[in-house]
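> One structure, pasted below without further comment.
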Amino acid sequence: MTLTELKYTLILAQEKHFGRAAKRCHVSQPTLSVAINKLESELGIFIFERNRNHVRVTEIGEQIIAKAKQVLEEASQIRDIAQGGKSQLNVPLKVGAIYTVGPYLFPNLIPKLKKIAPDMPLIIQEDFTGNLRVKLQHGELDAIFISLPFIETGIVTQPLYDEPFVVLMRKDHPLSKKESIKSNELNAADVLLLGEGHCFRSQVIEACPHCYADDSHTQYTTEGSSLETLRHMVASGMGITILPSTATQIQFYKSILCTKPFAGSVPQRRIALAWRVSFTRPKAIDALIRALHASSMRNVCLLPE
């Protein structure tokens, strides 16, 4: 039995598909299958039920996978301890961020981090919250920037800043004449949203229910894959959108786009840093937080360290 076999088993249990699991493990599907078969043969039981279209974890397999997860976490801590014994700030830090945070946070944070921890490069990934959650739990990432609420066993979060929402529109849009926008003035057929899977989409719909309609066929055809895509769509005249305030830099469309604040109670989100309670490089986490507070983040309300 090897740690590699346990890792393959854990990932196959998550994906329930040999092809996807092999891709995540960066090996061929036959290699993954051989490793799983070897482990099952050694243990004398079946961890998975297989057929052509489906993989299901057996009852005894559930117990083995739970223990495998624990073993892999303990093994990861051994590596962390060894690295921490060298120095907490001179080895790479694996950091993730949700898609609507990364592009606007890292350009401000990284220059400050290089001054605080010049020998600690960042390995950066952007992804959906659900994927970042899994990667953090399994040690594939050391820390992640996410939007609260974020509740996970064995994970600690540090709130960093509050970020208000604003409305982006063309300067020739009827609402552009207003100083501020009421949420009930937003027409679902006119508002462009991010696609399913983005937590910011859900936050916008919760804060501004008038901007979304289940039966709006137009809205389903005008969803964007990123905030930058939404910006381009607004510039082309397809409608208006709602952005977090850090994403309001209008570099290429200053002559045709403008932003307007919300009237009354302004919707906002709270961004936090999350990491495992067992993570053995607290100085690296502290360096990230210090770098953020030293950065030139605009249009946000930084929270106390």
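The values are calculated or read from the model by the stated rules, or taken from the named source; none is laboratory data. Not measured: the values here are computed from a predicted model. We place every Cβ from the backbone using ideal geometry, glycine too, and count neighbours over all the protein chains shown. With ligands, DNA and RNA removed, areas are computed over all heavy atoms of the protein, side chains included. Shrake-Rupley method; radii C 1.70, N 1.55, O 1.52, S 1.80 Å.
> Filter region 81-114 down to the residues that are small (Gly, Ala, Ser) and at pLDDT 90 or above and list them by number.
Gly96, Ala97, Gly102
> A further question follows. Show the residue pairs that are 6+ apart or on different chains and have beta-carbon atoms under 8 Å apart, the first residue being within region 160-178 and touching a residue at least 12 places away in the same chain (Cβ under 8 Å) and of a type in the set (D, E, K, R), the second being assigned to a strand (DSSP E or B) and open to solvent by 40 Å² or more (accessible area, probe 1.4 Å).
Asp162/Gln268; Asp162/Arg270; Asp162/Cys301; Glu163/Gln268; Glu163/Arg270; Glu163/Cys301
> Starting from region 47-61, take each residue that is touching a residue at least 40 places away in the same chain (Cβ under 8 Å) and among the β-branched types (Val, Ile, Thr) and list its partners that are surrounded by 11 or more Cβ atoms within 10 Å (Cβ to Cβ) and not in a strand (DSSP E or B), counting only C-beta distances under 6 angstrom and pairs at least six apart or across chains.
Pairs that qualify, where the first residue is touching a residue at least 40 places away in the same chain (Cβ under 8 Å) and among the β-branched types (Val, Ile, Thr) and the partner is surrounded by 11 or more Cβ atoms within 10 Å (Cβ to Cβ) and not in a strand (DSSP E or B), are Val55/Lys16; Val57/Ala13.
> Right, next: When only residues in region 140-176 that are outside any strand (DSSP E or B) and either of a type in the set (A, V, I, L, M) or within 18 Å of Thr246 (Cα to Cα) (or both) count, which is least open to solvent (accessible area, probe 1.4 Å)?
That would be Leu141.
> Determine whether Leu6 is more than 23 Å from the chain's Cα centre (by Cα), of a type outside the set (S, T, N, Q) and either modelled with pLDDT of 90 or more or surrounded by 20 or more Cβ atoms within 10 Å (Cβ to Cβ) (or both).
Yes, satisfied.
> Report, by residue number, each residue of region 192-240 that is at pLDDT 85 or above, crowded, with 19+ Cβ neighbours inside 10 Å and outside any helix (DSSP H, G or I).
Those that are at pLDDT 85 or above, crowded, with 19+ Cβ neighbours inside 10 Å and outside any helix (DSSP H, G or I): Leu192, Leu193, Leu194, His198, Gly239, Ile240.
> Output the residues belonging to region 277-293 that are open to solvent by less than 50 Å² (accessible area, probe 1.4 Å) and either modelled with pLDDT of 95 or more or assigned to a helix (DSSP H, G or I) (or both).
Passing the criteria: Ala284, Ile285, Ala287, Leu288, Ile289, Ala291, Leu292, His293.
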